Amino acid sequence: MMDILKHCVLCPRRCGVDRTAGETGFCGLPGHIVVDCALPHLGEEPPLSGRHGSGTIFFSSCNLRCIFCQNHQISHRAKGKSMTPAGLARMMLALQDEGCHNINVVTPTPQAPLIIEGLRLARIKGLAIPFVYNCGGYEDPEIIRCLDGDVDIYLPDFKYGSDEIARLLSDVGDYVAFAVAALKEMARQVGEGLYLDDGIATGGLLIRHLVLPGFVENSIAALDLIRSHLSPEVALSIMSQYTPVPAVKHHPLLGRRVTRREYQAVVDHALALGFENLYLQEVDERHLSPDFRQDQPFRWD
């Protein structure tokens, strides 16, 4: 898998650059690992965060760069701490030593070969907690297939129900086909359920969908697509936490929070489709975007 960095096709953009020679494609990332921060995260879904937190490693840059990205401070740039796979392995082991329930890698796809090398080194050195692949959904199923046997829990976003909206908000015109194919491959590897031991996830699939203000029809279309390809037992996290970031402060739709009515319409549709395993959120006025300029990005008090 490391050879892919010489002609990078890790995501559906397939830039084809030689990152080992210093060339950069859409993500702007070099041929080594770039990390922003790592911490026990208590704000993930309960089966992931548990009591001691999800051992979350935030990687820099992204292959999507949605205009509304809640992690825009790190996803829209390729700056961060340079690291070797051995250094990443030590980071994973340190999170395990802190009591974290899993290792949760955020936006891993553009750095997947290096991350997997680090994971394998960590497992040789005693890493025993589940590995969570937390991605944006715009994935090449052939790359996902290469992860078979390494990933315990897939945690993909499924952002869009139409390519028109994907093009408008993420500048990709082929999101749906790749996202659906990737979901099916993830389910083939780890099953469609989310498997728990004493309330903590040990394996399986959990799909996230962020409800966007003014885009309820997109959410409904996205749920329809998920249900048409997967069984109702798939775990689905419907998120209400959208907070406008500076880039969309004056956007006619994205410049506000989601309303209770919008969110409830999406939840009602999920129930009508027969989804059996839903993770839901309250709708309120709290601004919950992390601030990665702080040592504790998720401290909002």
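The values are calculated or read from the model by the stated rules, or taken from the named source; none is laboratory data. Here the structure is a predicted model, which is why all the values come from computation and not from measurement. For neighbour counting, all protein chains shown are included, and Cβ atoms are generated from backbone atoms with ideal geometry for every residue, glycine included. Ligands, DNA and RNA are stripped out before the accessible areas are found, and what is left, the full protein with its side chains, is counted by its heavy atoms. Shrake-Rupley method; radii C 1.70, N 1.55, O 1.52, S 1.80 Å.
Observations, loosely collected:
- Only beta bridges with both residues in the chain are counted; by DSSP, about 35 percent of them are antiparallel.
- Å² per residue, accessible surface of the chain at 1.4 Å: 42 Å²
- For the range 1-124, the extents of the C-alpha atoms along the principal axes are 42, 37, 22 Å, listed from largest to smallest.
- As a fraction of the 1.4 Å probe accessible area of the range 1-146, surface on carbon and sulfur atoms comes out at 54 percent.
- Adding -39500 (n - 2.57) for every DSSP H run of four residues or longer, then dividing by how many residues the chain holds, sets the calculated 222 nm ellipticity at -9000 deg cm²/dmol.
- On the basis of the beta-carbon distance and an R0 of 51 Å, H32 and D284 show a calculated FRET efficiency of 0.80.
- Considering only the range 169-261, percent of DSSP beta bridges that pair antiparallel, nearest 5: 45 percent
- Whole-angstrom gap from the range 10-52 to the range 205-219, using each part's C-alpha centre: 22 Å
- Partners for K159 among aspartates and glutamates (Cα-Cα distance below 14 Å; same-chain residues under 8 apart left out): E139, D171, D174, E217, D224
- Overall form of the chain: rounded. Here a/c, set by the Cα gyration tensor axes a ≥ b ≥ c, is under 1.5.
- With both labels modelled 7 Å from their Cα along Cα-to-Cβ, the D148 to D197 distance reads 2.4 nm.
- The range 172-301 - percent of accessible surface contributed by carbon and sulfur, probe 1.4 Å: 50 percent
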